[in-house]
Amino acid sequence: MDTVMPHPSSLALLVASLLTGCNASEPNSTESKPTPSDQIHAAEQSLSQLSEEAARAQWIYANFITDDTATLASDVGRAFSEKAVEYASLASTLETAELTPIEQRKRDLLLRALTLPAPVDSDKSQRLAELSTELGGLYGKGRYCITPEQCLSQPQLSSLMATSRDPDLLKEIWTGWREIAKPMRPLFAEQVTLANEGAQALGYQDVGELWRSKYDMAPDAFPVELDRLWGQVEPLYEALHCYVRGELGENYGADVVPQDSPIPAHLLGNMWAQQWGHIYPLVAPDDLPGPGYDLTELLAEHDFDEIKMVRQAEQFFTSLGFEPLPDTFWQRSLFVEPEDRDVVCHASAWNLDNRDDIRIKMCIRRNGEDFKVIHHELGHNIYQRAYKDQPFLFKDSANDGFHEAIGDVISLSITPSYLKQIGLIDQVPPAESDIGLLLRQALDKVAFLPFGLMIDQWRWQVFSGEISADRYNQAWWDLRQKYQGVAAPVARTEADFDPGAKYHVPGSVPYTRYFLAHILQFQMFEALCEEAGYEGPIHRCSLYGSEAAGTKLNRMLEMGLSQPWPQALEVVTGNPEMSGQSLLNYFAPLHQWLDEQNRASGRQCGW
Ligand code: X8Z
Ligand code: ZN
């Protein structure tokens, strides 16, 4: 959602669209022509000043969705995007031989900073801005009414998906939520056409190629790299899928969960079947010694309200040596879903002034899932604050997967020993319970992998025209089946627009970042555990209290986007390559156990 509704955790990308023709460097001024170096510098200064205004307009809209705030956000978005395109064009003409290496990197960043570039035609540019704002608003305002009196918001519906075991109710909620997306379809199709026009004017084949160009490698090499990573972890996913389908079949019956077909998507405890942790009690064998506690229940028993949950997460970061969050964080964040207005509830982290005005915006539910999401969001904030002294164009993560990984590295540390240290449990469960803990973790982290991959596989093909507008939904479910092995529980048609029911599609937030984050977080976690002096099975490690790990992590965070990502990764892991091996190490005992279970039950895996 960058140009109009910037993804807040990558503010630099958003505000790259704020580049203005600052007087000293007007591109078409003929007298005393500024040097390329001056132009980069002027652009950066200008950006830095204007970013605050942009972020505030977006913050207000996302916290108070009305026609008026939509118009204001859209106007600001349009202005940004037009300027960004103007400056990206300028950057492409700059004589690179005259630039220092740092300036060359900044020039390259200007060229690829946008997410949805505005077309040159001003009517079209205005329309693109309106479309992006409207799509974001449709998602934020989305409700499903289970009775005429009871209309539920997205977080409320997600709670039901997590806790209900009634397949009919689950199916109703699953289908009902997707009604919000139907009106998005023509708007989305128009957005694709206009943004592609903008991307082509900048020399990209389409928006997908622009998105793939942001990883310090040729855009064509990036999908190959993704295939390599997915190939490493795919066998583990297939073993988990096989096991879960078998157990769900035992629970719901083979008529509801056929054992040779994809799993019906409404039975996995999550609106999008992207993380399956909520069905742990359903799929864990009765005789498996599990964790012996449930994080949601622990939080309730210890009177954790929304603020206390955030305080506890903050305390994890301070235990690593990071500064406490500023007072303004507590005064200005949104923690609780307001009853009297529409907000974008999907959790996000913001930096409003590119310095210390960091905030989160989240409709926190008092459960274990949101406790982890809070750590995820604070990871964004801590990163933003760590790179605040970088020049403006380097105020971002090494690549977008890094931004998404940091808070998750911390929440991997929410182990039994950590919960004991902070007084939530009295005893650390014995080693025999590790399989239960790992299963619980894999249902979230391993199940997510193909979902993290397929969303942009779909979008890249949409942008390239390979998927035309009359096949949006069919192609979506083809990819859901291919990667995840899940299927819609009711027949879908092209009157539906199921991709629109996932926040990041109407929000125009690229999604491959989350796949990368799920690989990277295990690499970083493994390396930081070693730095902390931890010895033992990696899934039992907690970084809590390790200033050594915090110091090393911070060294990478403060680099921001100043170096290509392999150099940043090397600072923490000693290895400049992404690898699924750490994730495999973490889950190795579970992988073996899943294979044994599947073999013993004579299950036919695959779909
Ligand atoms: O969108 C998010 C974060 C905000 S950046 C809450 N996540 C993805 C999602 O919810 O779909 C985190 C994991 C995946
Ligand atoms: Zn995030």
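The values are calculated or read from the model by the stated rules, or taken from the named source; none is laboratory data. Every value quoted in this text rests on a predicted model; they were computed, and no experiment measured them. Reconstructed Cβ throughout: ideal geometry from the backbone, glycine too, with neighbour counts over all protein chains shown.
For segment 103-134, give me each residue that is of a type in the set (A, V, I, L, M) and either without any contact (Cβ under 8 Å) to a residue 24 or more places away in the chain or within 15 Å of S89 (Cα to Cα) (or both).
If we filter segment 103-134 for residues that are of a type in the set (A, V, I, L, M), which is where we start, we get 109-111, 113-114, 116, 118, 120, 128-129, 131.
The answer is L109, L110, L111, A113, L114, L116, A118, V120.
Here are some residues: H518, H504. Which one is surrounded by 19 or more Cβ atoms within 10 Å (Cβ to Cβ), within 16 Å of ligand 2 (Cβ to nearest atom) and not in a helix (DSSP H, G or I)?
Values: H518 fails: not in a helix (DSSP H, G or I).
Result: H504 is the single residue among H518, H504 that is surrounded by 19 or more Cβ atoms within 10 Å (Cβ to Cβ), within 16 Å of ligand 2 (Cβ to nearest atom) and not in a helix (DSSP H, G or I).
Of everything in segment 456-499, what is among the basic types (K, R) and in a helix (DSSP H, G or I)? Give them in sequence order. Let's see the steps before the verdict.
Taking segment 456-499 first, the residues among the basic types (K, R) are 459, 471, 480, 482, 492.
Scanning segment 456-499 gives R459, R471, R480, K482.
If you go through segment 412-425 one residue at a time, do you hit one that is modelled with pLDDT of 95 or more, β-branched (V, I, T), within 16 Å of ligand 2 (Cβ to nearest atom) and crowded, with 19+ Cβ neighbours inside 10 Å?
No, that holds for no residue.
Each row is one residue, and each column tells you yes or no for (1) away from ligand 1 (no atom under 16 Å from the Cβ); (2) polar (S, T, N, Q); (3) touching a strand residue (DSSP E or B) at 6+ places or on another chain (Cβ under 9 Å).
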{"residue": "Q441", "(1), (2), (3)": "no, yes, no"}
{"residue": "L449", "(1), (2), (3)": "no, no, no"}
{"residue": "G452", "(1), (2), (3)": "no, no, no"}
{"residue": "W458", "(1), (2), (3)": "no, no, no"}
{"residue": "Q484", "(1), (2), (3)": "no, yes, yes"}
{"residue": "T493", "(1), (2), (3)": "yes, yes, no"}
{"residue": "P506", "(1), (2), (3)": "no, no, no"}
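Quick check on my filter: what residues within segment 345-388 are away from ligand 1 (no atom under 13 Å from the Cβ) and in contact with a Gly (Cβ under 9 Å, 6 or more places away or on another chain)?
Those that are away from ligand 1 (no atom under 13 Å from the Cβ) and in contact with a Gly (Cβ under 9 Å, 6 or more places away or on another chain): G368, I382, A386, Y387, K388.
Here is a list: L543, L528. Which entry is more than 25 Å from S132 (Cα to Cα), more than 16 Å from ligand 2 (Cβ to nearest atom), assigned to a loop (DSSP other than H, G, I, E, B) and in contact (Cβ under 8 Å) with a residue 40 or more places away in the chain?
Values: L528 fails: assigned to a loop (DSSP other than H, G, I, E, B).
Being more than 25 Å from S132 (Cα to Cα), more than 16 Å from ligand 2 (Cβ to nearest atom), assigned to a loop (DSSP other than H, G, I, E, B) and in contact (Cβ under 8 Å) with a residue 40 or more places away in the chain holds for just one of L543, L528, which is L543.
Of everything in segment 346-368, what is within 14 Å of ligand 2 (Cβ to nearest atom) and in a loop (DSSP other than H, G, I, E, B)? Give them in sequence order.
H346, A347, M362
Please list, ordered by first then second residue, the pairs with beta carbon atoms under 9 Å, 6 or more apart or interchain, first in segment 479-500 and closer than 16 Å to R459 by Cα, second buried (at least 20 other Cβ atoms within 10 Å of the Cβ) and of a type in the set (K, R).
F497/R178; D498/R178; D498/R480; P499/R459; G500/R178
What are the residue pairs meeting all of these: first residue in segment 256-275, first residue within 16 Å of ligand 2 (Cβ to nearest atom), second residue assigned to a loop (DSSP other than H, G, I, E, B) and at pLDDT 95 or above, Cβ atoms under 8 Å, and 6 or more apart or on different chains?
W272/K502; Q275/G269
Out of the residues in segment 143-165 meeting the condition of being part of a loop (DSSP other than H, G, I, E, B) and without any contact (Cβ under 8 Å) to a residue 60 or more places away in the chain, tell me which one is nearest to F64 (Cα to Cα). Spell out how you get there, then give the answer.
Going through segment 143-165, the residues part of a loop (DSSP other than H, G, I, E, B) turn out to be 143, 148-149, 153, 164-165.
Narrowing further to those that are without any contact (Cβ under 8 Å) to a residue 60 or more places away in the chain: 143, 148-149, 164.
On the way: R143: 16, P148: 24, E149: 23, S164: 31 Å.
Among those that are part of a loop (DSSP other than H, G, I, E, B) and without any contact (Cβ under 8 Å) to a residue 60 or more places away in the chain, it is R143.
If you scan segment 454-492, which residues turn out to be surrounded by fewer than 17 Cβ atoms within 10 Å (Cβ to Cβ) and under 18 Å from I173 (Cα atoms)?
V490, A491
Can you tell me which of A347, A300 is crowded, with 18+ Cβ neighbours inside 10 Å and modelled with pLDDT of 95 or more?
On the way: A300 fails: crowded, with 18+ Cβ neighbours inside 10 Å.
Of A347, A300, the one residue that is crowded, with 18+ Cβ neighbours inside 10 Å and modelled with pLDDT of 95 or more is A347.
Could you list all residues from segment 274-307 that are in a helix (DSSP H, G or I) and under 24 Å from the mean Cα position of the chain (by Cα)? Steps first, please.
Restricting attention to segment 274-307, the residues satisfying the condition of being in a helix (DSSP H, G or I) are 277-283, 295-301, 306-307.
Answer for segment 274-307, where residues must be in a helix (DSSP H, G or I) and under 24 Å from the mean Cα position of the chain (by Cα): G277, H278, I279, Y280, L295, T296, E306, I307.
What is the residue count in segment 372-392 for residues that are surrounded by fewer than 23 Cβ atoms within 10 Å (Cβ to Cβ), in contact with a helix residue (DSSP H, G or I) (Cβ under 7 Å, 6 or more places away or on another chain) and closer than 22 Å to D305 by Cα?
The qualifying residues number 1.
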